[in-house]
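The values are calculated or read from the model by the stated rules, or taken from the named source; none is laboratory data. This one's a predicted model, so the numbers in the text were calculated from it and none came from an experiment. Note that each Cβ is placed from the backbone with ideal geometry, even for glycine, and that neighbours are counted across all protein chains shown. Just the protein is used for accessible areas: all its heavy atoms, side chains included, with ligands, DNA and RNA removed. Shrake-Rupley method; radii C 1.70, N 1.55, O 1.52, S 1.80 Å.
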Amino acid sequence: MPAATLTIDPAFTIAPVNRRTFGTFVEHMGRCVYTGIYEPGHATADEDGFRKDVLELTRELGVSVVRYPGGNFVSGYRWEDGVGPRPDRPRRLDLAWHSVETNEFGLDEFSRWCAKAGVEPMMAINLGTRGVQEALDLLEYTNHPGGTTLSDLREQHGASPYGIKLWCLGNELDGPWQVGHKTPTEYGRLAAETARAMRMIDRDLQLVACGSSSSKMPLFGTWERDVLRETYEFVEYISCHAYYGNDDGDTASFLASAVDMDHFIESVVATADHVGAELKSSKKIGISFDEWNVWYGERSRRTDGPGDQWEVAPRRIEDEYNVTDAVVVGNLLISLLRHSDRVGVACLAQLANVIAPIMTEPGGAAWRQPTFHPFAITSRLAAGQVLRVETDSPTVTTAKFGEVSAVDAVATYDDGKLAVFAVNRSTEGPIEITIDVSRSGVSTIDEAVIVHDTDGLATNTPEHPDRITPQKVDAQLVDGRLTMTLPAISWTALSLSAPSLSTN
């Protein structure tokens, strides 16, 4: 059996774990909102119409922050439509997803939902069809304590200040599909002016400039450079968006998707640091990876496309994920954690129904997709300091990335607990791994779980919602060396007691 060795040393510290790494995304797209998180007629609905079964799963998922209301949707959105008495709210055409938006769920509802879910709101601003003044109006409505027209209007709607600190300055405005698509200079100047004005209201806001909507975009790299030349001193983050799929049947490359994410992050960091050097600034720009997931373009088209009708909450890209997808999601989380020195925010897109870890049926059940489990476990166990793991592993040959390590891993340490997350990206068979924790003071194995199935295409369904669930895995700890076997196409998490580990 092939073998790999992982070495964990307290000196291999990367950065603190950012809780915002475990964010998700709620967009007015398909059934993410309507019959997803919000369904007043559902048996579990609370007084606000929020599905309590979805709220419970959101808490179990360990979500820290939720980006809202888009996505492409935000580039034509009027936030005023989603506040105040519901009977007075207008119905609008949503050009992004060729649907009708009732505005029954809007900013006021989202803020109440966040409070119940225990998550931080991340608000996106429309810089497609709108601009500086509309952004200032939204900020005044959400955050100003009172005594002005818009803050008093919020109070009339029964709400205290929402205190939103994290804001996206538009969405994917490099994309020609975007309402209000712009050149990098056009967008950069608008984003800079918007950020400068917003800081006149609250200097402590944390702002995200739009990066490229994909690393495959023609302007990738130059877009980030030109946008940051305009916005560098006014923003904390620049965004990255990436989706990975296996439409071409190249499973080996698909399982190595985290190699692409690593390169994407490092390329944007290099560009940002180059601009910082040009500007002679000591400031470091962080990464907000605020859209990422597995997305099957070919599979999604069964529920995608404009059609002939403008519908309310039509089904859109409701991918049915399998265990291989879950392994890829777990590996992408490893990549995000490994870059915690620069990735300050990350949002799995989306939360419910739309390429989501949580699925629902109108009036029916809610269940966990296989991708739910690596996210929930990583969010629960990852804490304290991120530790780099030195890996000596067999390699896998891929068409897209060449030779890549079959085993990928990262670790965290907090208050006597060491967590290790590892993936076997090989399709060929199991790999025996030895984790050298002799420098780490590990005394006991508290938890060892795996996401795996002999059928890499196995899924969860309403009829069989627990077909894929985390299982206990056998691991042995002897004289500072932990050994276990990672099956092909598997993701594993370990929680170890290490009271003597020091990261100082």
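For region 133-261, report the translational diffusion coefficient in µm²/s to the nearest whole number, using Stokes-Einstein at 20 °C, 1.002 mPa s, and a Kirkwood Rh over Cα pairs.
Answer, rounded: 129 µm²/s.
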Practice item. Using a 1.4 Å probe and ignoring any ligands, DNA or RNA, find the accessible area of Val389 and quote it in Å² to the nearest 10. Key: 20
Exercise for review: State the three equivalent ellipsoid semi-axes of region 294-417, derived from the C-alpha gyration tensor as the square roots of 5 times its eigenvalues, in descending order and whole Å.
Suggested key: 33, 19, 13
Check your understanding: When only Cα pairs under 8 Å and 6 or more residues apart are kept, what is the percent relative contact order across region 62-166?
Key -> 29
Practice item. Mind ranking Met1, Met484 by accessible surface for me, highest first, 1.4 Å probe? Key: Met1, Met484
Exercise for review: Give the ranking of Leu477, Leu457, Leu387 by solvent-accessible surface, highest area first, calculated with a 1.4 Å probe.
Suggested key: Leu457, Leu477, Leu387
Review point. Tell me, how many Å apart are the Cα centres for region 373-405 and for region 1-43?
Key: 15
Practice item. Wrap a convex hull around the Cα atoms of region 374-504, take a quarter of its surface area, and give that in square nanometres. Key: 9.0
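Please report, as a whole percent, how much of the solvent-accessible surface of the chain comes from carbon and sulfur atoms (probe radius 1.4 Å). Present the calculation step by step, with values, prior to reporting the outcome.
Values: 9240 of 18800 Å².
It is 49 percent, rounded to a whole number.
Relative to the Cα centre, what is the charge dipole magnitude of the chain, using +1 at the beta carbon of each Lys and Arg, -1 at the beta carbon of each Asp and Glu, and rounding to the nearest 20 debye?
Values: 45 positive and 71 negative charges, 159 e Å.
Dipole magnitude for the chain comes out near 760 debye.
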Revision key, fill the gap. In whole percent, the Cα-Cα distances of region 69-209 spread across 5 Å bins from 0 upward as 2, 10, 19, 22, 22, 15, 8, 2, 0
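Give the accessible surface of the chain per residue, rounded to a whole number of Å², with probe radius 1.4 Å and ligands, DNA and RNA excluded. Intermediate results must be reported in sequence, preceding the final value.
Values: 18800 Å² over 504 residues.
Counting only protein heavy atoms, the per-residue value for the chain is 37 Å².
Compute the convex hull volume of the Cα atoms of the chain, divide it by the residue count, and report the result per residue in Å³ as a whole number.
On the way: hull volume 74.0 nm³, N = 504.
Dividing the Cα hull volume of the chain by its residue count gives 147 Å³.
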Study note, to complete from the structure: Long-range amide H partners of Thr398, meaning residues 5 or more apart or on another chain whose placed amide H is closer than 5 Å, are Glu403, Val404
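Taking GluC sites (Glu not before Pro) as exposed when DSSP calls them loop (any state but H, G, I, E, B) and at most 11 other Cβ atoms lie within 10 Å, what is the longest stretch of the chain free of them, the sites themselves excluded? Walk me through the intermediate numbers first.
Working: sites that count: Glu47, Glu463.
Here the longest run is 48-462.
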Check your understanding: So, in Å, what gap is there between the alpha-carbon centers of region 241-261 and region 97-156?
Key -> 35
